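Trainee: Sending over a structure as structure tokens; questions will come in a sec.
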Amino acid sequence: MQIAVIGTGYVGLVSGACFAEFGIHVTCVDVDSSKIDKLNNNIIPIYEPGLDQIVEKNVKAGRLEFTTDLRSAVEKSKVVFFAVGTPPKDDGTPDMSFYRQAAEDVAGAMNGYKVLVTKSTVPVGTGKWLRDFVTERIADGMSFGVASNPEFLREGAAIQDFMRPDRVVIGSNEPEAIEVMKELYRPLYLIETPIVITSLEAAELIKYAANAFLATKITFINEVANLCDAIGCDIHDVARGIGMDNRIGRKFLHPGPGYGGSCFPKDTRALTTVADQFGVETRIVDAVIEANEFQRQAMIPKIEKLVGDLNGKRIGMLGLSFKPETDDMRESPAIDIAHTLIERGATVKAYDPVAMEESKHYINGIEYAADEYDAIEGADALVIVTEWNQFRSLDLEKVKRLLKAPKIADLRNIYEPEDMRELGFEYVGVGR
Ligand code: UDX
């Protein structure tokens, strides 16, 4: 089978490369010619473990190609994926201008039956809109299919999530389109991946509801962690105790400075907007959004507890990206935390293994360090914001020597409070 993937951002590139790995012929299309040039020279514009190898291998095998020529890519394809960005606008609704442009271009290139599949996260109702939009622009009698196939890829684990997903959701109101989609995912079917077939609208809503639920789960445990801080008990005990209930589940019960990234903040807001359009209130998700903002700011008193008044203090910050194994800085808690520290008169020197370049577009007024030890030398406290593996095994004696005073705010709970106190650190975590 031959498919086209429009948009070589995070989702499009991972999906295109992984479909090629399934043995399908994939043409990835983007309007950004510099990006396409890079990809054609085997330079991957994002940091995602394992992606470079898969791209290289499948390009060599002749199953994966990159182009700006949308027309020829669409003409030769049976399935066309929309994987363009739908970034949030100021009012929380997704900006659909790239999607609309892609729909216009695809409609202009239609030369026979194809299934048009949306992978981008889009408002409920977009599939129906696409059907009408394309129908108006093609020759009478030409038929096509419309489907929604939301992605559930975690950055940093995207390849594995694509190759071994918990489930694949295919939403369509047309049997023919569903058959084509099932064929496309046959390699996963063979490893017994559940394929969930739904209506178009349900698939569109599943994406928002899944992310809003996960954001709620994190926010819930953050709230209980704050309570643990006040009571003086350990959130990890509480999380274990509740997570073993199969109805609750152990995952996503890890407290921290609040969720970030490109999906949860955007999709929670988008869900409330969709609900608003349908005249329904979303009291839980509204509260989650508010509580997550609060959680970031709740990290500041923890640091103040260690160093007192922040004015004139020097903070060594480890980790900037919104989570490990990515350089993505979108809505990273590090942004708010660093800016608040600076506002209160502190200076911040930060180190992140991959996100420092990206960080320069998001955080103003911090210094960047050569490595973790350079970040903390002479600092009044060390603040861990992202749980990169390499921060889990710091030389703690060296850390103690380098810091002005041995003080650590571990906002990801990667160290054991007892051990740290024994080593002579003044230590604060989240809910411990
Ligand atoms: C998420 C969804 O998991 C994925 O299915 C969806 O398609 C896109 O959004 P991603 O944004 O890559 O993926 O990150 P994820 O690993 O899910 O983490 C999201 C945020 O929650 C991060 O900021 C992370 O630090 C935080 N988090 C996660 C917690 O604070 N506690 C947890 O227990 C889990």
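Trainee: Tally up the residues in region 308-319 that are within 26 Å of the chain's Cα centre (by Cα), assigned to a loop (DSSP other than H, G, I, E, B) and more than 12 Å from the ligand (Cβ to nearest atom), please.
Mentor: 0
Trainee: Take the residues in region 240-254 that are within 7 Å of the ligand (Cβ to nearest atom) and open to solvent by less than 90 Å² (accessible area, probe 1.4 Å), then tell me which one is farthest from the chain's Cα centre (by Cα).
Mentor: Looking at the filtered set, the residue picked out is L253.
Trainee: For region 366-385, check the following and say yes or no: at least one residue is under 18 Å from G308 (Cα atoms), open to solvent by 10 Å² or more (accessible area, probe 1.4 Å) and not hydroxyl-bearing (S, T, Y).
Mentor: Yes, the conditions are met somewhere in region 366-385.
Trainee: Within the bounds of region 273-281, is there any residue that is surrounded by 13 or more Cβ atoms within 10 Å (Cβ to Cβ), farther than 27 Å from I384 by Cβ and touching a residue at least 60 places away in the same chain (Cβ under 8 Å)? Can you show your working first?
Mentor: Taking region 273-281 as the starting set, the residues that turn out to be surrounded by 13 or more Cβ atoms within 10 Å (Cβ to Cβ) are 273-276.
Filter once more, keeping what is farther than 27 Å from I384 by Cβ: 273-276.
From what's left, touching a residue at least 60 places away in the same chain (Cβ under 8 Å): 273-274.
Yes, some residue in region 273-281 is surrounded by 13 or more Cβ atoms within 10 Å (Cβ to Cβ), farther than 27 Å from I384 by Cβ and touching a residue at least 60 places away in the same chain (Cβ under 8 Å).
Trainee: Which helices (runs of 4 or more DSSP H) sit wholly inside region 10-126 and have at least 1 residues that are within 21 Å of the chain's Cα centre (by Cα)?
Mentor: Passing ranges, in order: 10-21, 33-40, 51-60, 97-109.
Trainee: Next question, about the same structure. Conditions: (1) within 11 Å of the ligand (Cβ to nearest atom); (2) open to solvent by less than 90 Å² (accessible area, probe 1.4 Å); (3) free of Cβ contacts under 8 Å to residues at least 40 places away in the same chain. I218 meets all but one. Number of the miss?
Mentor: Every condition holds for I218 apart from (3).
Trainee: In region 184-214, what residues are out of contact with any strand residue (DSSP E or B) (no Cβ under 9 Å at 6 or more places or on another chain), away from the ligand (no atom under 16 Å from the Cβ) and either assigned to a helix (DSSP H, G or I) or more than 21 Å from F19 (Cβ to Cβ) (or both)?
Mentor: Result: R186, P187, L190.
Trainee: Being touching a helix residue (DSSP H, G or I) at 6+ places or on another chain (Cβ under 7 Å) and more than 9 Å from the ligand (Cβ to nearest atom) is the filter here; which residues of region 259-273 pass it?
Mentor: Of all residues in region 259-273, those touching a helix residue (DSSP H, G or I) at 6+ places or on another chain (Cβ under 7 Å) come to 259-260, 263-264, 267-272.
Of everything in region 259-273, those that are touching a helix residue (DSSP H, G or I) at 6+ places or on another chain (Cβ under 7 Å) and more than 9 Å from the ligand (Cβ to nearest atom) turn out to be T268, R269, A270, L271, T272.
Trainee: Now, a different point. Please verify whether V354 is within 21 Å of the chain's Cα centre (by Cα), within 16 Å of the ligand (Cβ to nearest atom) and closer than 16 Å to L306 by Cα, treating the condition exactly as stated. Before you say what the answer is, go through the steps one by one.
Mentor: On the way: within 21 Å of the chain's Cα centre (by Cα): yes; within 16 Å of the ligand (Cβ to nearest atom): yes; closer than 16 Å to L306 by Cα: no.
Criteria not met by V354.
Trainee: Could you check region 386-411 and list, in sequence order, the residues that are closer than 25 Å to F322 by Cβ and open to solvent by 60 Å² or more (accessible area, probe 1.4 Å)?
Mentor: N389, Q390, R392, S393
Trainee: Could you tell me which of the residues S332, S393 is within 25 Å of the chain's Cα centre (by Cα) and not β-branched (V, I, T)?
Mentor: One residue alone meets the criteria, S332.
Trainee: Under the condition of being open to solvent by 10 Å² or more (accessible area, probe 1.4 Å) and within 11 Å of the ligand (Cβ to nearest atom), which residue from region 151-161 is nearest to V354 (Cα to Cα)?
Mentor: G156
Trainee: Show the residue pairs that are 6+ apart or on different chains and have beta-carbon atoms under 7 Å apart, the first residue being within region 240-252 and over 12 Å from I221 (Cβ atoms), the second being within 13 Å of the ligand (Cβ to nearest atom).
Mentor: M244/R250
Trainee: With the requirement that a residue be within 14 Å of the ligand (Cβ to nearest atom) and either without any contact (Cβ under 8 Å) to a residue 24 or more places away in the chain or under 21 Å from K89 (Cα atoms) (or both), what does region 119-150 give you?
Mentor: If the condition is that a residue be within 14 Å of the ligand (Cβ to nearest atom) and either without any contact (Cβ under 8 Å) to a residue 24 or more places away in the chain or under 21 Å from K89 (Cα atoms) (or both), then K119, S120, T121, V122, P150 are the ones that fit.
Trainee: So, one more: Among the residues of region 162-173, how many are surrounded by fewer than 22 Cβ atoms within 10 Å (Cβ to Cβ) and of a type in the set (G, A, S)?
Mentor: The total comes to 0.
Trainee: Here's something else I'd like to know. Which numbered condition trips up P187, out of (1) surrounded by fewer than 16 Cβ atoms within 10 Å (Cβ to Cβ); (2) of a type outside the set (K, R); (3) under 24 Å from A270 (Cα atoms)?
Mentor: So the condition that P187 fails would be (3).
Trainee: While we're looking at this one, here's another question. Is region 200-209 home to any residue that is open to solvent by 80 Å² or more (accessible area, probe 1.4 Å) and free of Cβ contacts under 8 Å to residues at least 40 places away in the same chain?
Mentor: So far as region 200-209 goes, no, none of its residues is open to solvent by 80 Å² or more (accessible area, probe 1.4 Å) and free of Cβ contacts under 8 Å to residues at least 40 places away in the same chain.
The values are calculated or read from the model by the stated rules, or taken from the named source; none is laboratory data. Keep in mind the model is a prediction, meaning the values are calculated, not measured. Glycine also receives a Cβ, built like all others from the backbone with ideal geometry; neighbour counts cover every protein chain displayed. All accessible areas refer to the heavy atoms of the entire protein, side chains included, with ligands and DNA or RNA removed. Shrake-Rupley method; radii C 1.70, N 1.55, O 1.52, S 1.80 Å.
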